[in-house]
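Notes follow the structure.
The values are calculated or read from the model by the stated rules, or taken from the named source; none is laboratory data. Worth saying up front: this structure is predicted, and the values here are computed from it rather than measured. Heads up, the Cβs are rebuilt from the backbone with ideal geometry, glycines too, and the neighbour counts pull from every protein chain shown. Note: accessible area is taken over every heavy atom of the protein model, side chains too, but ligands, DNA and RNA are not part of it. Shrake-Rupley method; radii C 1.70, N 1.55, O 1.52, S 1.80 Å.
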Amino acid sequence: MTLAEKIGQMNQLNFDQINKDLEEKIKKGEIGSLLNVTNAEEVNQLQQVALQQSRLGIPLIIGRDVIHGLHTIFPIPLGQAASFDDELVKNAAHIAAVESREKGINWTFAPMLDISRDARWGRIAESLGEDPYLAGRLGAAMVRGFQGNKLSDATSIAACLKHFAGYGAAEGGRDYNSTNIPIHLLRNVYLEPFRKSVEAGAATVMTSFNDNDGIPASGNGFLLKQVLRKEWNFDGFVVSDWASMSEMISHGFAADRKEVASLSANAGLDMEMVSQTYIQNLEQLVKEGKVPVQVIDELVKNILRIKIRMGLFENPFAPTGPGKTYSQAHLNAAREAAVKSAVLLKNNNQLLPLDVRKKIAVIGPMADAPHDQMGTWVFDGQKEYTVTPLKALQTEYKHINYVYEQALAFSRDKNKANFEKAVNTAKQADVVVVFLGEESILSGEAHSLSNINLIGVQSDLLAALKATNKPVVLVTMAGRPLTIERDLPNADAVLYNFHPGTMGGPAIWDLLFGKANPSGKLPVTFVREVGQIPMYYNHNNTGRPGPKNPMKLDDIPLEAKQSSLGNSSFYLDSGRDPLFPFGYGLSYSSFEYKDLKLSATKIKPGEKMKVSATLTNTGKYEGTEIAQLYVRDMVGSIARPVKELKGYQKISLKPGETKLVTFELSSDDLAFYGLDLVKKAENGMFNVWVGGSSDSGLKGSFSLEQ
Ligand code: NOJ
């Protein structure tokens with residue numbers, strides 16, 4: 001390869017249309033990858049040019065943001081995370097891969113593994129939540145789903161782990177903002193899901209937009225060379241985010257585009273997304289000795305290795321003939337995913353499941369919002385295929401007696417003119433089901449919010465409906481955990497759906513009518529007030545942890561003397577605790593954990609133990625519980641979190657049935673980067689919990705000793 005041909009492979013452009021200029025560039029070997037070509041014929045035409053008319057005949061890799069489905073849209077990743085279901089997540093990714101390959105797309109920019117502990121950040125929707133263990137397991141499952149058994153299989157696409165690294169910790173939840181993640185937190189939390197997903201065989205990684213502690217990710221050799229290549233033995237390739245390289249000029253990290261190219265190449269960044277500083281400067285930089293040609297050789301080899309592994313040299317073409325896009329099997333899988341991603345937050349007096357003979361008032365802007373129910377990052381899903389809750393009533397749930405009033409045209413609508421109609425509609429029914437939430441455009445990239453209450457006048461609508469004295473079920477469809485504390489008194493039951501995708505409508509009725517039993521658990525903490533952020537279950541203890549019942553704002557006497565009230569860590573106005581903790585979620589049944597048993601009370605490094613408990617379905621319905629295992633390392637060389645998730649299992653139980661739940665815990669599971677920054681388990685005492693949420697569970701303890 002000539003130097004120019006090598007640099008060409010490192011250049012990714014955004015596709016607009018096929019024209020002479022584009023074909024010319026491909027012929028000259030100036031493009032290694034295109035993103036956003038989605039038409040099979042166009043992909044085939046461009047691959048033909050690359051294979052037959054360029055000197056070396058190197059195929060293109062065609063990328064696209066296939067985040068939660070291409071056409072058949074699954075729940076947003078945050079919703080999928082609520083399923084705690086590795087198989088389900090893997091299958092959703094596989095279906096996305098099948099539909100992508102039909103269009104000639106062979107590379108997706110997913111999964112997004114940014115730990116998100118701030119619901120203001122719009123991209124929390126794309127994340128797998130706040131916990132490194134959950135995000136790591138589900139991220140690895142997504143990688144396996146996208147990439148199949150072999151990258152070269154006809155239904156596989158290459159995955160891309162993003163955004164490396166730390167992007168989710170954007171200060172103040174404002175997108176693209178700087179992050180300040182210290183090294184222990186970076187290693188133990190933010191990098192962990194990436195490590196697991198690299199281990200699962202991910203083919204590519206994307207650098208992030210943010211600077212962490214002053215260093216933009218696209219110029220961060222520590223992350224790319226030391227961590228990714230040296231420590232994790234990653235042998236795929238790294239792509240920048242969209243112009244994240246040239247943006248290092250705005251960051252004030254590079255003086256000009258030439259310096260950008262030099263910094264990124266020397267940091268180990270293989271492919272540049274759209275900003276073209278490589279193609280314009282690398283040859284000159286090599287001549288000047290600022291980027292050694294050996295560096296270029298390594299970078300281009302990383303790219304070609306993946307193209308070879310993907311089988312692109314043999315067949316880069318999209319198949320012709322009928323495909324499986326929107327097939328019944330795909331739609332069924334999307335429906336099952338939506339069922340398992342919903343979280344029941346409240347169910348007073350067992351209002352749910354609803355009796356099918358009841359007359360139902362269906363109200364609200366999200367009851368029939370085919371576009372918005374799909375959620376963020378949907379370019380290809382067509383709303384004509386979306387089954388909204390209203391549409392599901394008109395088709396498969398035809399026997400239900402209902403009345404409908406939209407009340408608000410969309411989530412931000414502030415026009416209350418139809419509230420009276422909504423109230424009258426509610427009065428005609430036995431029970432009111434209100435569909436509120438967020439339009440899809442209110443979350444996702446560049447869509448951060450500083451106020452995360454139900455937007456517009458939706459809370460007022462809910463209050464007006466509650467005032468009818470009819471039982472009210474609130475069903476949300478949102479891209480983030482909203483601050484709904486003020487709404488809870490106005491809903492007797494709350495079914496929380498993160499945007500549920502194409503089949504959200506029937507899935508929701510399946511749950512509301514008890515055809516399915518809710519089983520989702522929260523992958524993120526729900527705060528009471530936005531001012532509590534960041535609040536997450538796996539925090540360190542303070543020296544003065546807050547009490548269970550902290551002093552309240554109104555209990556402070558007038559002209560109270562200066563004091564450090566209560567002497568501990570809480571908010572006077574919103575206390576110590578969140579509204580709903582990580583791992584929380586109700587079922588129509590109830591589950592009881594008993595008889596915690598540890599197979600050992602002492603283990604040595606390298607040893608394993610079993611932690612088990614019995615789980616009984618004490619309710620009336622068959623149901624599925626997500627049993628969770630948490631650990632606390634009581635004393636460490638650095639302070640350790642008050643709880644850390646170390647395992648979960650989904651257990652289905654008939655009414656009255658009991659099963660033994662057994663988790664295996666090894667000393668490796670206790671390892672972390674301590675004071676010396678070497679990953680290992682430290683000797684000492686550990687607490688362990690098995691339960692149905694991060695704030696409950698049976699507690700035991702054991703020690704790790706030499
Ligand atoms: C920018 C986003 O940050 C990234 O996630 C996405 O994959 C690229 N644009 C490509 O669309």
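Given a cut-off of under 8 Å on Cα pairs at least six residues apart, what relative contact order in percent is computed for the stretch 74-223? List each step's numbers first, then the result.
Numbers: 320 pairs, mean separation 39.9, N = 150.
Worked out over the stretch 74-223, it gives 27 percent.
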Seminar exercise, completed: Rounded to the nearest Å, the spacing of the alpha-carbon centers of the stretch 635-702 and the stretch 16-62 is 50
Exercise. Do any trypsin sites (Lys or Arg not before Pro) in the stretch 580-640 lie in a loop, going by DSSP, with at most 14 other beta-carbon atoms within 10 Å of their beta carbon, and if so which?
Worked result: Lys620
Seminar exercise, completed: Neighbours of Leu704 by Cβ distance under 14 Å: Lys/Arg at +1, Asp/Glu at -1, summed charge +1
Seminar exercise, completed: Taking a ≥ b ≥ c as the square roots of the eigenvalues of the Cα gyration tensor, with a/c under 1.5 meaning rounded and otherwise prolate when a/b exceeds b/c and oblate if not, the stretch 66-309 is oblate
Problem set entry | Radius of gyration, Dmax [the stretch 26-173; alpha carbons; angstrom] | 16.6, 51
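Relative contact order (percent) for the chain, with alpha-carbon contacts under 8 angstrom and 6 or more residues of separation?
13
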Problem set entry | Surrounding net charge for Gln9, when Lys and Arg each add one and Asp and Glu each subtract one, Cβ distance under 14 Å | 0
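Put Phe702, Phe410 in order of accessible area, largest first, 1.4 Å probe: what do you get? List each step's numbers first, then the result.
Details: Phe702 5, Phe410 90 Å².
So the residues, ranked largest to smallest area, are Phe410, Phe702.
Over all alpha-carbon pairs in the chain, figure out the percentage whose distance exceeds 37 Å.
On the way: 102438 of 248865 pairs.
Above the 37 Å cut-off, the chain has 41 percent of its Cα pairs.
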Problem set entry | Above-threshold pairs, the threshold being 20 Å between Cα atoms, out of Lys610/Lys654; Lys359/Lys427; Lys225/Lys301; Lys416/Lys466 | Lys610/Lys654
Exercise. With every protein chain present, what accessible area does His447 have (1.4 Å probe, heavy atoms only), rounded to the nearest 10 Å²?
Worked result: 60
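Expressed as a rounded percentage, what relative contact order does the stretch 415-558 have, with Cα pairs under 8 Å and six or more residues apart? Don't jump to the answer; show the numbers that get you there.
On the way: 147 pairs, mean separation 30.7, N = 144.
Rounded, it is 21 percent for the stretch 415-558.
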For this session: Return the loop-located trypsin sites (Lys or Arg not before Pro) in the stretch 422-528 (DSSP other than H, G, I, E, B) with at most 15 other Cβ atoms within 10 Å of their own Cβ; answer none if there are none.
Result: Lys515
For this session: Could you give log10 I(q)/I(0) at q = 0.14, 0.25, 0.27 Å⁻¹ for the stretch 12-58, computed by the Debye formula over C-alpha point scatterers of equal weight, without solvent?
Result: -0.27, -0.90, -1.05
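Per the helix-only calculation at 222 nm, which mean residue ellipticity applies to the chain, given -39500 (n - 2.57) for every DSSP H run of n ≥ 4 and division by its residues, nearest 500 deg cm²/dmol?
Numbers: 15 runs with 162 residues, N = 706.
Helix-only estimate at 222 nm: -7000 deg cm²/dmol.
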For this session: Quick one, could you list the DSSP H helices from the chain stretching 20 Å or more along their long axis (Cα atoms) with average Kyte-Doolittle hydropathy of 0.0 or above?
Result: 132-147, 293-309
Problem set entry | Residues of type aspartates and glutamates that Lys290 reaches as a straight line, Cα spacing below 14 Å, ignoring anything fewer than 8 places off in the same chain | Glu259
Problem set entry | Around Thr425: net Lys/Arg minus Asp/Glu count, Cβ-Cβ under 11 Å | +2
Exercise. Glu396: accessible area at probe 1.4 Å, nearest 10 Å²?
Worked result: 90
Problem set entry | Low-density loop cleavage sites - GluC sites (Glu not before Pro) in the stretch 231-292, where at most 14 other Cβ are within 10 Å (DSSP) | Glu288
